[in-house]
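See below for the structure under consideration.
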Amino acid sequence: MSDPSDVVLPIPNLSLAQNLFTLSNPALSRFHNDARTALLEGIKADEMGPWYRSLTQAPDASTEEGSTSAPTPAVLPLDATLLAELEKKNSEALDKFDKRLEHAQETEGESEISDALRGRANYLTKIGDKDASAAQLLAFEKTPGLGSRIDIALTLVRIAFFWGNREDITKYLSKAEVLIEEGGDWDRRNRLKVYRGLYLLSIRQFKSGGDLFIDALSTFTATELISYNDFVGMTVIASVLGLSRVELKKKIIGSSEVNQVLPEIPLLGELVNSLYACHYDKFFVALAELEQNHLLPSRILAPHTRYYVREMRIQAYGQLLESYRSLTLESLSGAFGVSIDFIDNEISRFIAAGRLHCTIDKVHGTVETTRPLKKNAQYETVVKQGDILLGEVQRLCKVLY
């Protein structure tokens, strides 16, 4: 039978942070009603008095009088009755935790004190209190077991994700990695892959993040961080950009875990399959829908939407041009289902930026590929590295002789 202390609690509720992101973005107004309903239900379920107060901009008892700063517009309307009810529950629960801790300190041992501290810290985390991280760190110091310390470190990572604190995410991920290297079990190692992968996606490292997600596909258990369907969706999104065509077939299109979920997210299936099958007109339509329905509404991916869409277009153009020495602008525009002017302007822009190896012949209306020879590039790399090595050897000889 598993130790109850090893159960990973889904706190704080990160889906609520996603709902808040949706409500805070006027461009996502079509999702606002559902997000508002889900946010309020989650706040009530988790008794999130402190967080609800901050979202409604209700004046805190500690707020100084006579402040001249303009109030931030409230994300939610203030329901004074609800706030009073939540804060009463919070006060009663924290009193119980404090009494339990006091009793443990007076009559019991280190294990019971650790449990009391963890219980209080987890409650503060659950209700969205800004003191939760400090409480978790205190519990971390008093907790002897390595597994429990890893769990606290991962909880601190989730708290940082909840508040959008990138500095704390990296700090506590590093702490968790050090602890796991000391002797973390299989399950916690796999959870850490998902945590690290999600962070990498949030900083635009799609290749590295996607690779970690692929490694965790068959062993995913980190539902406290991200739902399984969202995890698979992000794996596909990252991998379409980060993998070669051969790897995409092997690791994504041929993955039973991905194929099990894709019927519930048909747009991602259309995206990956149309790119692999070279149906570029369908791919462009799927990419446009992905931008509106998956990238922009995502708290993690929204900041990288323009980058992602641009890189996917470059990848599709490069994949088509790689197969031909020359193509007419008309056939190229037809393949992608766009106008000749659009394809002319976009390809020109990517050529000028050095992202596509081709030239446009405006007289004949053609695109000529100018693929760099891989062997030439390898030869130049070897010569350059050889020169560096010879220089180092000569300097060493002078020192020795």
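Legend: residues Met48, Met234, sorted from most to least accessible area (1.4 Å probe; ligands, DNA and RNA excluded), read Met234, Met48.
Relative intensity of the chain on a log10 scale, I(q)/I(0) at q = 0.15 Å⁻¹, equals -1.34, per a Debye sum over C-alpha point scatterers of equal strength in the absence of solvent.
Where the accessible area of the stretch 282-378 is counted over protein heavy atoms with a 1.4 Å probe, how much of it, in %, is carbon and sulfur? Walk me through the numbers on the way to the answer.
Numbers: 2780 of 5360 Å².
Here carbon and sulfur together make up 52 percent of the probe-accessible area.
May I ask you to compute the full-extension gain from Asp168 to His364, defined as 0.36 nm times their residue separation minus their alpha-carbon distance, rounded to one decimal in nm? Going from the current span to full extension adds 64.9 nm. Here the relative contact order of the chain, from alpha carbon pairs under 8 Å that lie six or more residues apart, stands at 10 percent. To the nearest ten degrees, helix 80-107 and the longest principal axis of the Cα atoms of the chain are 70 degrees apart. Ranking Ser24, Phe231, Ser348 by Cα position along the charge dipole of the chain, where only Lys, Arg, Asp and Glu carry charges on their C-beta atoms, puts Ser348 farthest toward the positive end.
Quantify, in whole percent, the carbon and sulfur part of the accessible surface of the stretch 152-245 (1.4 Å probe; protein heavy atoms only). Before the final figure, lay out each step's value.
Details: 1640 of 3490 Å².
Using a 1.4 Å probe with all protein chains present, the stretch 152-245 comes out at 47 percent carbon and sulfur.
Over the residues of the chain, the helix contribution to mean residue ellipticity at 222 nm works out to -21000 deg cm²/dmol, using -39500 (n - 2.57) for each DSSP H run of at least 4. As a calculated quantity, the FRET efficiency between Ser256 and Arg189 at R0 = 25 Å, using C-beta atoms, amounts to about 0.65.
Determine one quarter of the surface area of the Cα convex hull of the stretch 234-351, which equals its mean projected area, and express it in nm² to one decimal. Present the calculation step by step, with values, prior to reporting the outcome.
Values: hull surface 29.6 nm².
The orientation-averaged projected area of the Cα hull of the stretch 234-351 comes to 7.4 nm².
A 1.4 Å probe run over the protein chains yields, for the chain, 55 Å² of accessible area per residue, whole-number rounding. Relative to the 2.2 N^0.38 Å rule of thumb, the stretch 66-225 has a C-alpha radius of gyration ratio of 1.23.
Kirkwood radius and radius of gyration were both taken over the C-alpha atoms of the stretch 69-134, and their ratio Rg/Rh is 1.14.
Remark on Ser326: its backbone amide H falls under 5 Å from those of Thr369, a criterion applied only to residues 5 or more positions apart or on other chains, H modelled at 1.01 Å from N.
For the peptides 209-218, 388-397, 105-114, residues were scored by their other Cβ atoms within 10 Å and the scores averaged per peptide; the highest-first order is 209-218, 105-114, 388-397.
Charge dipole of the chain (Cα centre as origin; +1 on each Lys and Arg Cβ, -1 on each Asp and Glu Cβ, all else neutral): 1740 debye, rounded to the nearest 20. Multiplying the residue separation of Asp281 and Val383 by 0.36 nm and removing their Cα-Cα distance gives an extension gain of 32.5 nm.
The values are calculated or read from the model by the stated rules, or taken from the named source; none is laboratory data. Note that the structure is a prediction, hence the values are computed from the model and not measured. A quick note on method: Cβ atoms are made from the backbone with ideal geometry, for glycine too, and the neighbour counts reach across all protein chains shown. The protein model used for the area step is the full one, side chains on, heavy atoms only, and it has no ligands, DNA or RNA in it. Shrake-Rupley method; radii C 1.70, N 1.55, O 1.52, S 1.80 Å.
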